Amino acid sequence: MQALVVDDSAVYRKLIGDHLRSWGFGVTVASTGAEAWQIMERPDAPKLVLLDWVLPDLEGIDLCRRVRQAGSSGPYFYIILLTSKEGRQDMLDALKAGADDYLVKPFDELELRARLLVGKRILDLQDELVAARESMRHAATYDSLTGLLNRGQILSMLAREFERSRRER
């Protein structure tokens, strides 16, 4: 599984990246929030994101909000906010903004690994859910014997086309 590491500190990018690689994760890195957003907009973007709170142009918490505002139109990103902010209110603010998990720097590498494994499990379950939904959608709209659209879908399509022809004369 690929992970996106977003941190303005080259030291933390290297440290986290080395841990991830040793645990079998692929690593993509970004040093700013804007760069991370561009990466996350790509269709092949990593779905597991380790995000620093304090970034030069777009703070991590604002990036969390932006990702969650995109809603279900895009893929689900599991976001772990890594920060030196250790107050309880900061943790609550991060989770309310859309982070899935919160870890204070300097972090314990075993705790980071455990949280990554949880994130990976959740993303795998999300993939299974999407596949099941697509399978159910296909079963509800196509005939299993012929592979063609079923009667209800054909009638619905005809009704839409009749309405369109009426509008466009």
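The values are calculated or read from the model by the stated rules, or taken from the named source; none is laboratory data. On a predicted model such as this, the values are computed, not experimentally measured, just so you know. Backbone-built Cβ (ideal geometry, glycine too); neighbour counts: all protein chains shown. Each accessible area value is taken on the protein alone, full model and side chains, heavy atoms only, with ligands, DNA and RNA left out. Shrake-Rupley method; radii C 1.70, N 1.55, O 1.52, S 1.80 Å.
Residue check: is ASP44 open to solvent by 60 Å² or more (accessible area, probe 1.4 Å), within 12 Å of LEU4 (Cβ to Cβ) and not in a helix (DSSP H, G or I)? Considered against the rule, which asks whether it is open to solvent by 60 Å² or more (accessible area, probe 1.4 Å), within 12 Å of LEU4 (Cβ to Cβ) and not in a helix (DSSP H, G or I), ASP44 comes out as yes.
Residue count for the stretch 142-152 satisfying the condition of being assigned to a helix (DSSP H, G or I) and modelled with pLDDT of 90 or more: 0.
Restricting the stretch 30-41 to residues that are of a type outside the set (Val, Ile, Thr) and under 21 Å from VAL104 (Cα atoms), the residue that is most open to solvent (accessible area, probe 1.4 Å) is SER31. In the stretch 17-45, the residues that are in contact (Cβ under 8 Å) with a residue 40 or more places away in the chain form Cβ pairs under 9 Å with partners that are open to solvent by 40 Å² or more (accessible area, probe 1.4 Å) and among the acidic types (Asp, Glu), at six or more places apart or across chains, as follows: HIS19/GLU109.
Yes/no matrix, rows are residues, columns are (1) open to solvent by 80 Å² or more (accessible area, probe 1.4 Å); (2) in contact with a strand residue (DSSP E or B) (Cβ under 8 Å, 6 or more places away or on another chain); (3) modelled with pLDDT of 90 or more:
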site: VAL5; (1), (2), (3): no, yes, yes
site: VAL11; (1), (2), (3): yes, no, yes
site: LEU15; (1), (2), (3): no, no, yes
site: THR28; (1), (2), (3): no, yes, yes
site: GLY74; (1), (2), (3): no, no, no
site: GLU86; (1), (2), (3): yes, yes, no
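None of ASP101, ASP90, ASP143, ASP127 is free of Cβ contacts under 8 Å to residues at least 60 places away in the same chain, over 20 Å from LEU15 (Cα atoms), open to solvent by less than 50 Å² (accessible area, probe 1.4 Å) and not small (Gly, Ala, Ser) except ASP90.
Given the residues ARG121, ARG164, which is the only one that is more than 23 Å from ASP44 (Cβ to Cβ) and open to solvent by 50 Å² or more (accessible area, probe 1.4 Å)? Checking each option against the conditions leaves just ARG164. In the stretch 47-68, the qualifying residues are those that are part of a strand (DSSP E or B) and over 10 Å from the mean Cα position of the chain (by Cα), and the one that is nearest to VAL11 (Cα to Cα) is ASP52.
Of everything listed in (1) in a helix (DSSP H, G or I); (2) free of Cβ contacts under 8 Å to residues at least 40 places away in the same chain, the single unmet condition for GLY119 is (2).
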